[in-house]
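Notes follow the structure.
Where a number appears in this text, it was derived from the coordinates with a stated rule and is not lab data. Remember, it's a predicted structure, so these values are computed and weren't measured experimentally. No Cβ is skipped: glycine too gets one built from the backbone with ideal geometry, and neighbour counts run over all protein chains shown.
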Amino acid sequence: MVNFSIVIPTYNRPGLLGRALKSALANLQPDDEILVIDDGSKLEYGDVMSEFEDDRIHYHKIPNAGVSAARNRGLDLARHRHVAFLDDDDEWYPGHLALHRAAYSKFPDLAGVFCDFDYATKSGEKHPGGIAIWSAGQTPIQELLERQSLQDAQPPVSIFTGYHYVNQLTTDFILPTAFSFNREVCGDQDRFLVGLNRNASWLFDSHICSYGDMGYVDAITCIQHADAETRNTDLDYFGTVLSRLRVMQEEWGENQSFLEQHARLYRQTQFSDFYFAMRMALRSLSMGKVFTLVRLVGLRAALRYVPLTLLYLFTPEKVKGRTT
């Protein structure tokens, strides 16, 4: 039996946590566990936690240090080799973990498993197929990996497997709430980067992809809500692009074996983000943003990219942007 430790970080959202916990409990097996990590909330969680009298739920409060620190504490406490994540403002549909269990049962050497998701706006309007939205304009995930049959699932669904690390450079296909990983394959040394305001999950999930094949379950099994008052994704566009550039350098830019094979893809992807960040810095007449961007990518890369940026300012359709 594949057992899971489910890590749920939370901060000042006891009402939303109740929704997430109900959805997690609907997916649990007797030996699973739920680790609720309270990131130093100012609001009380006693009432919502008292609604769930289940020995598999464990509540831990830590000093406030951000969602990455909360997830890391959950990883420190997790007992099982398979770990799944659920954000406190999202929820799983019934059967979510059953598909992950089936995937690991049939393919025990998978480094991780992820699935598709619905996206709900602040007004509650639901949009199906979140991966297609995130990867708009990119090659569909089904064409990047190899189709397999997940026989243990009812009704049967397809699972696509393969080495996904390169694909993650150009598009983040993995929603944390839709993701689980296998510590028997990956080890227990990886943690989320504390202090990165956005895309810390992209960095973590992508590094998990470097350990071996991933499995994409071709089914919508969870929903990402946008009804929280504050979200990490509320970061402004310039800050978002800077975080992407930092993640690229932290992960793929430091991987020499990757660069030996995919240096051109890396430079193309880096230039795309550099271009849009530089365009915003120039339009705002902010030399501070220009210097911040140059320091981040390094003088050598900046000297290569600035002339191209000035050229493409007059033909912006030639530069392909990203949706995530």
For this session: Run the quick spin-label model on Val194 and Phe314: label points 7 Å from Cα toward the beta carbon, then report their separation in nm to one decimal.
Result: 5.0 nm
Problem set entry | Lys, Arg +1 and Asp, Glu -1 on Cβ, resulting dipole of the stretch 237-318 about Cα centre, debye, nearest 20 | 320 debye
Problem set entry | Charge-dipole axis of the stretch 237-318 as Lys and Arg at +1 and Asp and Glu at -1 on Cβ define it, positive-most pick from Gln249, Val297, Leu282 | Leu282
Seminar exercise, completed: Mean-square fluctuation maximum in Gaussian network of the chain, Cα pairs under 10 Å, restricted to Pro94, Pro155, Pro108, hits Pro155
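For Ala136 and Tyr237, what is the calculated FRET efficiency with R₀ set at 22 Å and r taken between the beta-carbons, to the nearest 0.05? Could you put the intermediate results ahead of the total?
On the way: r = 17 Å, r/R0 = 0.75.
Given R0 = 22 Å and the Cβ-Cβ separation, E is 0.85.
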Problem set entry | Loop sites in the stretch 39-124: GluC sites (Glu not before Pro), DSSP, at most 14 other Cβ within 10 Å | Glu44, Glu51, Glu53
Problem set entry | trypsin sites (Lys or Arg not before Pro) lying in DSSP loop within the stretch 23-81, provided at most 14 other Cβ fall within 10 Å | Lys42, Arg79
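If Lys and Arg each add +1 and Asp and Glu each add -1, what is the summed charge of the other residues whose beta carbon sits under 10 Å from the beta carbon of Leu313? If you can, show how the numbers build up before the last one.
On the way: positive: Arg279, Arg283; negative: none.
Once all neighbours under 10 Å are counted, the net charge is +2.
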Problem set entry | Added length on full extension, which subtracts the Cα-Cα distance from 0.36 nm per residue, His58 to Arg283 | 76.1 nm
Exercise. For Glu44 and Glu125 in the same chain, what is the full-extension length gain: residue separation times 0.36 nm, less their Cα-Cα distance, in nm?
Worked result: 26.2 nm
Exercise. Taking the alpha carbon gyration tensor of the stretch 1-139, what are the square roots of 5 times its eigenvalues, largest first, to the nearest whole Å?
Worked result: 24, 21, 15
Exercise. Of the chymotrypsin sites (Phe, Trp or Tyr not before Pro) in the stretch 106-184, which ones lie in a loop per DSSP and count no more than 16 other C-beta atoms within 10 Å?
Worked result: Tyr163
